[in-house]
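A.B. asks: Below you will find the structure I want to go over with you.
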Amino acid sequence: MTDVVYKTLVSRFCGPATSVTVPCTCPPRVTVKTLGQAVWWTGECYTAVITLFPEQVHLLHTAPPRLYLTGPPGTGKTVVLLLMGELWLQSGKDVYIVSTCSDSRAVCSMLYQRLLQIIQWQATGVTQNQLYLRHYLFDKSETVDKDVDEVVDEAVDDLSQAAKGDTLYVIADEAARPYYFQPFCDKLRTRVPSLHLWAASCFHDFAPAGWQVEYLTRPLRSPPTVVREVEQDKRMTAVEPRVKAYSERGVPDHTDGPPVTRLYHGECKGVSDPCPENCVGCGHQVAKVLRGLRGRVQDDPTTTPTTSDRPSPCLQWRDVLVLVWLGQPTDNSGFVKGLSEAGIPVWVMKDEDIEDVATARSDVVWVARENHVRGLERKVVVCLESVTDNSSRLHPMSRCTSQLVIVSA
């Protein structure tokens with residue numbers, strides 16, 4: 001029996017009543033049959049292939065030496081930094097990815113790893129020795145043994161020594177801590193006159209004095225269902241907002257996106273703690289949602305790609321991120337226990353896990369504080385809302401590229 005005859009028999013008796021082969025002039029697409037598949041494909045639409053807006057292309061073409069990118073999350077600031085770093089590397093420059101606080105460690109690690117991949121893929125003479133990653137802590141709460149000004153001076157000394165002559169190329173994403181980032185830029189510019197430094201942050205009031213500031217406000221990375229949730233954050237709706245509001249895309253969206261899934265901590269039995277991150281029942285609720293998204297896709301035998309080079313539309317555990325707004329999640333947190341009891345492979349992010357989380361290396365569901373993963377993205381993001389004043393939306397919800405799950409207190 002040949003393979004063709006075998007497939008014909010299987011399709012005849014185990015599948016539809018009739019199996020028909022239809023030639024086509026273009027590669028066939030996989031039909032979306034389940035919510036899980038829709039979630040997977042939505043995430044791919046917004047991250048796998050990104051088309052830049054004209055204003056972003058213009059910035060890359062003009063390439064000013066010092067640029068501060070700002071605007072709401074998901075508008076392509078990190079993408080532009082990545083592409084500028086690639087252009088610098090291709091022109092033979094040494095590039096330094098600089099993290100200035102705990103909030104930026106994950107995204108800077110991700111940028112570093114992405115640029116390493118680009119170097120390996122392109123094989124254009126660019127070497128790994130041209131790319132460097134530096135972590136500094138301009139964060140008073142985390143600088144125990146030293147004064148923050150001393151840490152800033154040490155960072156300036158370190159980078160000044162790395163400069164070639166009077167030239168240095170630096171990328172700094174999530175450049176928070178304005179009281180320290182601005183003096184850092186001023187001091188570094190004094191030491192390195194031909195400083196090329198591109199930085200980005202959601203907050204426009206963090207821009208160093210005298211720098212070119214560009215606002216990116218058109219949503220690029222998240223579907224409208226997610227954007228509508230993020231833009232309710234009070235830092236965007238205040239009379240004097242610290243973050244610019246989203247503007248119209250000007251082009252059609254790929255899709256409106258899957259509807260937001262809303263769960264409520266108060267519906268769990270025996271609730272005593274007001275925070276969902278301490279609730280085993282909330283963990284069980286979310287586990288049911290995740291298994292519904294992932295399990296049905298894997299069990300559907302019709303999801304096999306028709307071509308060997310097309311990825312399977314199947315959510316993996318690494319596509320899921322659980323973000324906590326208040327407190328520090330631990331392995332003993334009620335929510336983590338609930339996920340684990342339901343058979344979900346769940347790990348709590350620690351400092352030594354930053355690179356793993358940034359690259360989505362391990363196929364597990366990561367649980368983290370929202371400020372530890374800024375700049376990263378996942379297809380499915382579960383946000384544990386411990387407050388109701390719309391102050392916990394900006395950073396955690398904007399990490400989502402497809403299915404947003406909100407667990408309200």
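The values are calculated or read from the model by the stated rules, or taken from the named source; none is laboratory data. As the structure is a prediction and not an experimental result, all values here were calculated from the model. Every residue, glycine as well, gets a Cβ built from its backbone with ideal geometry; the counts of neighbours run over all protein chains shown. Please note that ligands, DNA and RNA were not included when accessible areas were found on the heavy atoms of the full protein model with its side chains. Shrake-Rupley method; radii C 1.70, N 1.55, O 1.52, S 1.80 Å.
A.B. asks: Would you work out which of Val380, Ala38, Met110 lies farthest towards the positive end of the dipole of the chain, given +1 charges on the beta-carbon of Lys and Arg and -1 on that of Asp and Glu, about the Cα centre?
C.D. replies: So the residue we want is Ala38.
A.B. asks: If you put +1 on each Lys and Arg Cβ and -1 on each Asp and Glu Cβ, how big is the dipole of the chain around its Cα centre, in Debye rounded to 20?
C.D. replies: The calculated dipole for the chain is roughly 1320 debye.
A.B. asks: A further question on this structure: So, counting K/R as plus one and D/E as minus one, what does the shell of residues with Cβ under 10 Å around Ala342 add up to?
C.D. replies: Result for the local shell: +2.
A.B. asks: Relative to the longest principal axis of the chain, what angle (0 to 90°, nearest 10) does the C-alpha long axis of helix 280-299 take?
C.D. replies: Value to nearest ten degrees: 60.
A.B. asks: Considering only protein heavy atoms, with the full assembly of protein chains and a 1.4 angstrom probe, order His61, His372, His265 by accessible area, largest first.
C.D. replies: Highest to lowest solvent-accessible surface, that is His61, His372, His265.
A.B. asks: Quick one: pull the percentage of alpha-carbon pairs in the stretch 127-286 with a separation above 23 Å.
C.D. replies: That tail contains 60 percent of the Cα-Cα pairs.
A.B. asks: Got a number for the accessible area of Val373? Probe 1.4 Å, square angstrom, nearest 10.
C.D. replies: Solvent-accessible area, nearest 10 Å²: 0 Å².
A.B. asks: Shifting gears a bit: What net charge is computed for the residues neighbouring Gln285, neighbours being all others with C-beta under 14 Å from the C-beta of Gln285, Lys and Arg scored +1, Asp and Glu -1?
C.D. replies: Taking every Cβ under 14 Å from that of Gln285, the sum is +1.
A.B. asks: So, one more: Provide Glu385, Glu44 ordered by accessible surface of protein heavy atoms (probe 1.4 Å), highest first.
C.D. replies: Largest accessible area first, the list is Glu44, Glu385.
A.B. asks: Okay, next question. Helix 3-14 versus the longest principal axis of the chain: what angle, 0 to 90°, nearest 10, using Cα atoms?
C.D. replies: 70
A.B. asks: What residue among Ala155, Thr2, Phe138 has its Cα farthest toward the positive end of the dipole of the chain, where the charges are +1 on Lys, Arg and -1 on Asp, Glu, each on the Cβ?
C.D. replies: It is Thr2.
A.B. asks: Could I ask something else about it? How much accessible surface area, in Å² rounded to 10, belongs to the heavy atoms of Lys244 with a 1.4 Å probe?
C.D. replies: We get 80 Å² for Lys244.
A.B. asks: Per residue, how large is the accessible surface of the stretch 202-302? Use a 1.4 angstrom probe and give square angstrom.
C.D. replies: 54
A.B. asks: Sticking with this one: Tell me the Kirkwood radius of the chain: reciprocal of the mean inverse pair distance over distinct alpha-carbon atoms, in Å.
C.D. replies: About 23.0 Å, per the Kirkwood formula over Cα pairs.
A.B. asks: While we're on this one: Using the Karplus equation 6.51 cos²θ - 1.76 cosθ + 1.60 (θ = phi - 60°), what ³J(HN,Hα) coupling, rounded to whole Hz, does each residue of the stretch 318-333 give in order, writing x for Gly and Pro?
C.D. replies: For the stretch 318-333, the Karplus curve yields 5, 7, 10, 9, 9, 10, 9, 8, 10, x, 10, x, 9, 5, 9, 4 Hz.
A.B. asks: Can you pull the accessible area of Arg361 for me, 1.4 Å probe, Å² to the nearest 10?
C.D. replies: Rounded to the nearest 10, the figure is 130 Å².
A.B. asks: Starting at 0 and stepping by 5 Å, how many percent of the alpha carbon pairs of the stretch 340-408 end up in each bin?
C.D. replies: So the P(r) values, bin by bin, are 3, 15, 27, 26, 19, 8, 2.
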